[in-house]
1. Based on the alpha-carbon gyration tensor of the stretch 98-445 and its eigenvalue square roots a ≥ b ≥ c, which shape applies: rounded if a/c is under 1.5, prolate if not and a/b is larger than b/c, or oblate?
2. Report, in degrees rounded to the nearest 10, the 0 to 90 angle that the Cα long axis of helix 179-191 makes with the longest principal axis of the chain.
3. Could you tell me the distance between the Cα centroids of the stretch 1-76 and the stretch 657-679, to the nearest Å?
4. Cα centroids of the stretch 576-608 and the stretch 290-361: how far apart, whole angstrom?
5. Give the cross-link partners of Lys247 among the lysines, using a straight C-alpha distance below 27 Å as the criterion and excluding same-chain residues fewer than 8 apart.
6. How far is helix 148-159 tilted off the main Cα axis of the chain, in degrees rounded to 10, range 0 to 90?
7. Fewest Cβ neighbours within 10 Å first, please rank Ser42, Ser361 accordingly.
8. Using Cβ contacts closer than 10 Å as the measure, can you line up Leu292, Leu164, Leu718 from fewest to most?
Amino acid sequence: MDAGERRYRALGALALALVLCLFFRETLFGGKILSQADHLLSFAPWKETAEPGHRPANHLLEDQAILMIPWLEFAAERIRAGEFPLWNPYSYGGQPIHAANSGAFLWPGHLFYYLFPSFGFYAWSALFRLLFAGFFALLFLRRIGASRVAALCGGLSFALCGFLVAWLNHPHANVAILLPCLLWLVERIAAKPSWRDAAFLALAISAQFLGGHSQTSLHMLLVFGAYCLFRTRAGPADARLGLAGWKCLAAGGLLGALLAAPQLLPMAEYLKESRGITVLETLEQTDELAALDAAVLMVAPDHHGGPHTHDYTGPEGRNLNYNEIIGGYVGRVMLVLALAGVALRFREPRVIFLAAVVALSALVAWQVWPIHDAFRLVPKLRSTNPMRLLLYVAFGLSMLGALGLDALLARLRLHGGKALAVGLGCFAVVAIELHAWGEGYNPAIEPELAFPATPTTDFLTGDDSVHRVQSVHRTILRSSANVHYEVQALTGYDKIELRPMFELFELFTTSTDNAFISEIDRVDRLDALPLASLLGVKYFLAEEELPPPLRLAHTSPGGVRTYENPFVLPRAFLASSVLVIESAEERLAHFGAPTLDARVAVLNERPEHPLFEDVASLGPEDLPGDVLVDRYEPREVVLQVDARRPALLVLADAWAPGWSATVNGVDAPVERVDHALRGVFVDEGKCEVVLRYDPGSFRAGLILAGLALAGCAGLFFLGSRGL
C-alpha cells in the first residue's frame, strides 16, 4: 500500500468520524446520555417520578432499558468483584446469564465499560462501532475497485443505514458491523493468501460470535460462506480463492469458533435445558406483512410516521414494527445510485452477486412467496426473524451505490477535480439525508431520567433478607429492569429461559398458549400462593387491592401497593419429608394445587444417594432442623445447617448444569428437586453446605480459546510461509 492510499484511509476515517460526531453531538459533548431508559417512566413504579405528560423519546427501543443496560451493569459489577458474570440471581429464580448470550459479556467492545462504567459509554461505543462499520465498508469497496470518493460514500451509507441505526444499542449491531470486515478479509486472502490474514479472520469471526445475537451471526455466516464460494470462481484467475486461500479460510474459521468457545459451549448447554430451543422452531417469527408497506420505506422512511416522532401508523405485530421494517434503508441517493450500478455494470460478477443478495434478502424479509416459504423450511433458519435479513439489503445497496457512482462518473466522462467535486457533493447529500432521518431515533436524554429511585424500589431494596418479588401485572417493575436495583424476581425478559422454571411459573396464571414467561401478562391465580411461598416470593406488587391472606406492607404515592406474603418460606430450608414423582405432568398438578405442602420436597427421580432411604422413611411431623444463609452471592451460596436428623436441604433457586455442592468440604451431588430447584442431602448434625456455579462448559471453552489464541499468534508470525 502506497503513501497516497494510507493518507486516503486516514482522511476517509476522519471524514466518517466527523459526520458521526455531528450525529451524536448531544451525547458526546452535550451532557446527555444515549439511552431510551426514559421509557421506564411510562410504567409503575417509575411513572410517579415523571413529569406530567411525560412521553418516552422512543418506546420501541425498550429492550435497552429492561435488558441490555441492567445486564451490562451487572456484568461490570461482578467483574469488579473479581468473578465473571455467569449466573444472574435476579431473574427467573436464577439464570445462566452469560450462556443466554444477549449480554455479550465477552464482546471486546464491552471491555471499556468494565474499565470505565458510566452512561457516557453508550455514545462513544456507538460512535466507534459505526465508524468501524463504515471504515471497513470503505476498505472493502476499495478492494473491489471502487474509487476513493465512491468508497467514502458507500462507507457512510452503510454506517448510517436503517439496520445499524435502528438496532444501534442492541447486540444485533455488535454483530452486523463485522460484515464488511469479513468480506474485506476474503478479498485480501483471495488476492494473496496469508496466515496472518487467517489470524485476523479468526479474530473477526470470534468477535461476531461474541456480539450477543446468534440470529444475526447465523445470517452473516451464510452470506460470508456464499461470498467465499463466489470468489472461488469470480474475478481474475490470479485473484480467486484457490487451495491456499481455502486453507486460510478454514484455519481462520476454525480458530474463530474456538476463540468464541467460552460463549458457544455454555450457550449450547443452556439451550438444551431451555424452552426456546423448541418453541422458536415452531412459532411464526413475524406476523404477516404487506410487502408494499415495507418497500415504500426504502424511499420514504417517514411514510408511516415513526416511534421517535410518535406518529407511527404502519405494520405492527409479533416481531413486526418500525425497527424491523426500516432495516434496508440507505437513503434515496444511494438507492438511485445502486439501481444505476446494476443497470450500467450488470455484467460484472460482483454486481450480480450483490444484486442477488439484495433481492433474495428483501424477498425473504418482505415475506414474498415462494422465497420466504423456502427460507422457513430450513431447520434453525425458521427460528430466526427473517426481517433481520434487511441488513444485507442495506449493505448490498450501499456497495452497489458506490459502484453505481463510479459508473455514472465514467458515463458522464467526469474525471479528476470534477469527479471529486461530484463525489464529495454526493457524500454531503448522503450525510444530510441519513442524518435527517436517523437523528433522534436513538434518544439523547437527561441522565436523571435513567433508572430513578422510587418509593417502591426503596422499600424493596431496604429489606435485606433473601427474598423475591412478583408483580401481578408484567408492566409493574418491568423485567429485567429489576436487575438494576438488585431485586430478585421470578420473571425475566429473555427468550432463552429454563424450561422447568417456565412450567412452574405458568401455574400462576389462567392464560394459556404462553410462549415465554416474559409474555405472560398477569399473575391471576393467587390460590397458587403455596407455590409462591416455596419459590420465596415475599412481596407482590399491584395497582389494585389484593385479598387476604396477603397483607399490605407499603403504598407508594403513585398507587403501587406492595403486599407481603405471610407464608413465604426461607430461601433455604430442610424439607419435612420427601416424595418422588417422576411424571412431569403429575408434578405440575401437585405444585399447582392450593393444598400444596411446600415443605414436602419432591424429587424428579429416585436418587442414588445413601441418605435417601433414611430421609424418605421419616414423616412430616418430624422437625428436621434449621438453616442459616451465611453468604448469598450470584455464583456461591454458603449455608450453615443444623439438622436434627438426615434431611434434604432445599435451596429455592433454579437448578441448572454447572452447580456443584460440598458438605463440610466433601463433594455432594446437587439434586433436582421440586421440579426446577436445587437440593442437597445432609446428615444429622451441624455442617456447612457450599453451592458453587462453575460450569465445565465455560472452563472447557476457556481452554479451547487459549489454544486458539496461541494458534492465532503462530499464524500471525508465519505470515505467508507454508502456503
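Please treat every number below as a calculation from the coordinates, not as lab data. As the structure is a prediction and not an experimental result, all values here were calculated from the model. Reconstructed Cβ throughout: ideal geometry from the backbone, glycine too, with neighbour counts over all protein chains shown.
1. Values: a/c = 1.39, a/b = 1.12, b/c = 1.25.
Rounded is the answer for the stretch 98-445, as its axis ratio a/c remains below 1.5.
2. Approximately 50 degrees, to the nearest 10.
3. 42 Å
4. 54 Å
5. Of all the lysines, those that pass the test against Lys247 - Cα under 27 Å, at least 8 places apart if same chain - are Lys192.
6. Helix 148-159 sits at roughly 20 degrees to that axis.
7. Listed from fewest to most nearby Cβ atoms, that is Ser42, Ser361.
8. Leu292, Leu718, Leu164
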